[in-house]
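Here's the structure, in structure tokens; my notes come after.
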Amino acid sequence: MRKADCIFCKIANGEIPSSTIYEDDEFRVILDLGPASRGHALILPKEHFKDVCELDEATAARILPLGAKIGTAMKKSLGCAGFNLVQNNGEAAGQTVFHFHMHVIPRYEGGPSIASWKTGSATPEELQETAEKIQNAL
Ligand code: AMP
Ligand code: ZN
């Protein structure tokens with residue numbers, strides 16, 4: 001299903017032009033308009049899913065291999081040393097467009113730090129309590 005007022009539905013299905021680098025029946029991969037680094041791309045399913053929790057398993061199973069394929073092409077063509085596959089779910093996690101997308105972000109030697117966090121700390125008891133809470137909700 002597509003969502004009438006969703007910009008990524010329109011881009012994924014070709015109603016709004018984009019810098020497309022890959023397309024098949026289920027996905028379009030475009031360049032991000034505000035790239036974190038040269039080549040920053042977004043994998044968009046053509047169907048509307050709000051976030052990772054709404055994805056069906058068949059669609060989900062295709063996304064990592066596609067990310068690997070795009071990242072490998074970036075290394076060959078752009079000379080990046082690596083790449084991040086990043087995906088945000090919910091406003092608190094930094095999601096700004098509520099149509100599932102996977103970022104493919106090329107990383108260059110000496111380039112800016114992207115998707116990093118400061119290592120925190122937790123006691124074994126805290127880890128155990130947290131693990132049990134999550135386990136009990138599965
Ligand atoms: P997120 O914050 O994970 O929801 O990522 C949304 C991304 O979409 C951001 O990196 C934006 O720069 C990018 N973006 C928003 N609108 C467009 C657009 N029309 N075409 C390409 N990229 C876009
Ligand atoms: Zn959509």
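Assorted remarks:
- Of all accessible heavy-atom area on the chain, the percent that carbon and sulfur account for (1.4 Å): 56
- In a reduced charge model with +1 at each Lys and Arg Cβ and -1 at each Asp and Glu Cβ, the chain shows a dipole moment near 660 debye about its Cα centre.
- By the beta carbon rule, with partners counted only under 4.7 Å, the chain holds these lone Cys residues: 53, 80.
- Estimated dipole of the range 46-110 in Debye, rounded to 20 [Cβ of Lys and Arg +1, of Asp and Glu -1, Cα centre]: 420
- When the charge dipole of the chain is built from unit charges on Cβ atoms (+1 for Lys and Arg, -1 for Asp and Glu) and taken about the Cα centre, the candidate among 100, 114, 20 whose Cα reaches farthest toward its positive end is 20.
- Degrees separating the helix 57-78 axis from the principal Cα axis of the chain, which is the longest one: 70
- Sum of -39500 (n - 2.57) over DSSP H runs of 4+, divided by residues of the chain (222 nm, nearest 500): -10000 deg cm²/dmol
- Heavy-atom accessible surface of the chain, averaged per residue, reaches 65 Å², computed with a 1.4 Å probe.
- Here's the picture: charge each Lys and Arg Cβ at +1 and each Asp and Glu Cβ at -1 in the range 7-137, and of 88, 35, 45 the one pushed furthest to the positive end of that dipole is 35.
- Of the residues 136, 8, 70, the one whose Cα sits farthest toward the positive end of the charge dipole of the chain, with +1 on the Cβ of Lys and Arg and -1 on the Cβ of Asp and Glu, is 70.
- Close amide H contacts of residue 48 (hydrogens built in the peptide plane, cut-off under 5 Å, sequence separation of 5 or more or a different chain): 2, 3.
- Its Cα gyration tensor gives the range 1-133 an equivalent ellipsoid; the semi-axes, largest first and in whole Å, are 27, 22, 13.
- With a 1.4 Å probe rolled over the protein heavy atoms of all chains, the accessible area of 78, 64, 138 falls in the order 138, 64, 78, largest first.
- Database remark: amide H of residue 82 closer than 5 angstrom to the amide H of 107 (H placed geometrically; neighbours at sequence offset of 5 or more, or on other chains; Pro and chain starts carry no H).
- Listed residues 49, 83 arranged by accessible area, highest first, probe 1.4 Å: 83, 49
- Residue of 45, 65, 106 that the Gaussian network model of the chain assigns the largest fluctuation, springs spanning Cα pairs under 10 Å: 65
The values are calculated or read from the model by the stated rules, or taken from the named source; none is laboratory data. Since this is a predicted model, take the numbers as computed values, not measurements. For neighbour counting, all protein chains shown are included, and Cβ atoms are generated from backbone atoms with ideal geometry for every residue, glycine included. SASA here: full protein model, heavy atoms, side chains in, ligands and nucleic acids out. Shrake-Rupley method; radii C 1.70, N 1.55, O 1.52, S 1.80 Å.
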